[in-house]
Protein chains: 2
Amino acid sequence: MDTALTFDITRRLPGTLARAGVIHTPHGEIRTPAFIVGGTKATVKAITPEQIRSYGGQAVLANTYHLMLRPGADIVRAGGGLGSFMNWDGPTFTDSGGFQVFSLGIAYKKGIDAVAHTQKGNAKLAVVSRNQLVRVTDEGAEFRSHIDGAKLLMTPESSMELQHTIGADIHMAFDELTAPLASHETIAAAMNRTHAWAERCLKRHSDLNMEHTERGENLQALYGVVQGARDKALRRESAAFLGARKFDGYGIGGVFEPGEISSVVRWVCETLPAEKPRHLLGMGSQPADLFLGVEYGIDTFDCVAPTRQARNGALYTLNGRINISNTRFKADFSPIDAACDCYTCQHYTRAYVNHLFRADEILGATLASIHNERFVVRTVDQIRESIINGTFFAFKQQFLARYYGDKLPAGVSL
Amino acid sequence: MDTALTFDITRRLPGTLARAGVIHTPHGEIRTPAFIVGGTKATVKAITPEQIRSYGGQAVLANTYHLMLRPGADIVRAGGGLGSFMNWDGPTFTDSGGFQVFSLGIAYKKGIDAVAHTQKGNAKLAVVSRNQLVRVTDEGAEFRSHIDGAKLLMTPESSMELQHTIGADIHMAFDELTAPLASHETIAAAMNRTHAWAERCLKRHSDLNMEHTERGENLQALYGVVQGARDKALRRESAAFLGARKFDGYGIGGVFEPGEISSVVRWVCETLPAEKPRHLLGMGSQPADLFLGVEYGIDTFDCVAPTRQARNGALYTLNGRINISNTRFKADFSPIDAACDCYTCQHYTRAYVNHLFRADEILGATLASIHNERFVVRTVDQIRESIINGTFFAFKQQFLARYYGDKLPAGVSL
């Protein structure tokens, strides 16, 4: 391919922002909408790449921050780049490192919840003033490794260099994260800085792609990341600003609840250029996220919750989530979900998986992760089919009613 | 099959006790010599049954003691029996529970080393007098669960009932374990009790097989377990006593060093009926164990060390063991062992596995376990070929010299 990425939209759902399409990358295609599998540290936790294929995973997203610290971007590159290093021959994404710089830098002393849930405006700045753990300037973000506390600087340029070294097909621009309840002034300032950084990312990215061309290597794609928290005007401003730049696609950043997808994601996707792919960053394990995300314009999702929850024994079924460690499953010889076509449900019973969890056996994490991942991947694949068949709304209503019963997430209606 | 087990010896190695053969079970055949994969709690740790097949594993051995406590033998039976419960369609073994009753009952308070390494004769009896953790009478062994300390009784009859409930193809008779350095009197007493228990096992086993026949179920096989520690006369007496009874095969119990295989195993195998299969219980991860075991008459081995060591990053190569977490492998993009045909070596580098271990990723345990298991399975398979080709001694010398260099285990010579 002589372009980093192309995107064909094959079907749109009238009256919505939803569409079905295909993203073409140098490592193959992604049929969208698609759930991108979380491969944080260049491994999908407890799962082999063959197992990812077996449950229909199309692409993997790894974290630049984690790989930068361990094993180091140079090691990944020397191993043939992200896909080759981890034995995954399909498309790959990396995030910019920004989310972890702002959350884990604080987590090293404070725990990640300090960012996500503080009521005091911008947790990051509050922590900066006390501990100097993350210091943001126009240049970039100075932070401490959550592993050893070492002081590090990440800039738009260094994020691009790291991502090109790691070598995924699709990169994200380096953005500034704000706490969900930060002040309007703080959010606006972070957005403006994100925009200035985005332009620096584009410049450095373009230079690095030129180097790839000279070396006969694949081009890499860059998504701009829209910020603006829950503010309609700022989200639209951010989408318009970035939408006017030559990005290959767009990520939607920031932390919000499923019920806010129908506002935040809609504002952004109405404004972004319609022909470019859109990725919802770090969100999309719950059915409500997936249906609403697609309805309001999302093409790809990534989220590590399905595997993380799986390792805790929280398993998805069409009738809602169950905790497989529960005593009531000790002698239940039905599959986790009778309607599921995953490897785990085809070969194992709830009783067996219950036993593995109670005996603290590693295979439990593997079987549970395969099941949850298959559940989410299949749901998004079925959403894609429902767009193509024009049955989206009937499917959404039936699926969410069955999954949530009368406990729909706040802000979600059928 | 209307017999529980048949054994065909296809080749003998002149001047030794070694032979190649095939054990036929209701769940398929085992080409011997063979390494039986350790599936302690009805799972081979960190590995799926398909992965066991991929590295050539032919049969799995699970532990009656562990399954009795969790999930309970009745649950395994309700799940279709051991193989069906864990999704393994090949042959299966269970041990009697005896080893764990004597070692883990003490381990609940004392740690397993108290049995294996005490210099004071019979650790078990010493502990009994202090803590009443294991109390042996002619009836059976009263012990405490290592999970919750609950008081339990295991008898020859209950061991048979548990094993028939769990439903493996090949069972072991309930035996009494003594510490390696126990007094002659203690060892002889335990051996005599083991013999009395063996006859009770045979009786109960035969009744239970009759019930299987009435229900149209597969018959199950029973191995007698030879004891006698390091004492030549006792080992020969035990092998002769049990060899004269109608067991389907024989296990060799007790704890000893690789260098003692050429004495202990030889005394036993010279005495046992030649046409019956012989299993070395809980030993056989190290190349010296495997070569000497086969040379002195062993047909099957089981050992959990390959997976346990794998989870600690200790990986087998033809040139000896390496610790994959070591910094020197951080940028080593060769496979764990260039000569290895396992899934891990075909698809991953030392650098990647090093990264997984340093990042504490579950996939590291899986990849490492597959590698170590393949190493041991392949080595035993190659030993089998060398018996058939008549190249056993040349292969043994070349293999052990390369693996150990000038550090041969005590008592082992080339």
Practice item. Would you check if there is a residue in the stretch A:305-312 being more than 13 Å from every other protein chain (Cβ to nearest Cβ), within 27 Å of the chain's Cα centre (by Cα), open to solvent by 20 Å² or more (accessible area, probe 1.4 Å) and within 28 Å of A:L280 (Cβ to Cβ)? Key: yes
Review point. Based on what the data block shows, is B:T3 assigned to a loop (DSSP other than H, G, I, E, B), within 18 Å of the chain's Cα centre (by Cα) and on the phi < 0 side of the Ramachandran plot?
Key: no
Practice item. Could you run through the stretch A:367-414 and say how many residues are closer than 30 Å to B:T43 by Cβ and of a type in the set (V, I, T)? Key: 4
Study note, to complete from the structure: Reported set for the stretch B:315-334 where residues are of a type outside the set (V, I, T), farther than 15 Å from B:H355 by Cβ and open to solvent by less than 70 Å² (accessible area, probe 1.4 Å) is B:Y316, B:L318, B:G320
Check your understanding: B:L356 is checked against (1) surrounded by fewer than 19 Cβ atoms within 10 Å (Cβ to Cβ); (2) within 11 Å of another protein chain (Cβ to nearest Cβ); (3) not in a loop (DSSP other than H, G, I, E, B) and fails just one. What number does that condition carry?
Key -> (1)
Review point. In the list B:I147, B:I187, which residue meets the criterion of being surrounded by 24 or more Cβ atoms within 10 Å (Cβ to Cβ) and among the hydrophobic types (A, V, I, L, M, F, W, C)?
Key: B:I187
Exercise for review: Could you pull out every one of the strands (runs of 3 or more DSSP E) wholly within the stretch A:131-188 that has 1 or more residues that are assigned by TED's automatic domain parsing to the domain that holds A:M68 and under 30 Å from A:S84 (Cα atoms)?
Suggested key: A:141-144, A:151-154, A:170-172
Exercise for review: With the checklist (1) modelled with pLDDT under 80; (2) open to solvent by 10 Å² or more (accessible area, probe 1.4 Å); (3) more than 14 Å from every other protein chain (Cβ to nearest Cβ) in hand, flag the one item B:R135 doesn't pass.
Suggested key: (1)
Study note, to complete from the structure: Okay, helices (runs of 4 or more DSSP H) sitting entirely in the stretch A:209-308 with 2 or more residues that are closer than 25 Å to A:Q58 by Cβ, I get A:266-271, A:287-295
Review point. Any residue in the stretch B:363-372 that is more than 14 Å from every other protein chain (Cβ to nearest Cβ) and either open to solvent by 10 Å² or more (accessible area, probe 1.4 Å) or assigned to a helix (DSSP H, G or I) (or both)?
Key: yes
Review point. Going by the structure shown, is A:S386 of a type outside the set (A, V, I, L, M), away from chain B (no Cβ under 14 Å) and crowded, with 21+ Cβ neighbours inside 10 Å?
Key: yes
Point to revise | Search result, residues across the stretch A:10-25 that are open to solvent by less than 10 Å² (accessible area, probe 1.4 Å) and either within 14 Å of chain B (Cβ to nearest Cβ) or aliphatic (A, V, I, L, M) (or both) | key: A:A18, A:A20, A:I23
Practice item. Return yes when A:A274 is touching a Lys or Arg at 6+ places or on another chain (Cβ under 9 Å) and assigned by TED's automatic domain parsing to the domain that holds A:G28 and no when it is not. Key: yes
Study note, to complete from the structure: In the set B:A401, B:A394, the lone residue that is within 17 Å of B:A18 (Cα to Cα), in a helix (DSSP H, G or I) and open to solvent by 10 Å² or more (accessible area, probe 1.4 Å) is B:A394
Point to revise | Set B:C345, B:C269: member being open to solvent by 10 Å² or more (accessible area, probe 1.4 Å) and at pLDDT 95 or above | key: B:C345
Practice item. Please give the number of the condition A:A331 fails out of (1) small (G, A, S); (2) within 11 Å of chain B (Cβ to nearest Cβ); (3) part of a helix (DSSP H, G or I). Key: (3)
Check your understanding: Considering only the stretch A:66-87, how many residues are within 25 Å of A:S103 (Cα to Cα) and of a type in the set (D, E, K, R)?
Key -> 2
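The values are calculated or read from the model by the stated rules, or taken from the named source; none is laboratory data. These numbers come from a predicted model, not from an experiment. So basically every Cβ, Gly included, is an ideal-geometry build from the backbone, and we count neighbours across all protein chains shown. Accessible surface is based on the protein model in full, side chains and every heavy atom, while ligands, DNA and RNA are left aside. Shrake-Rupley method; radii C 1.70, N 1.55, O 1.52, S 1.80 Å.
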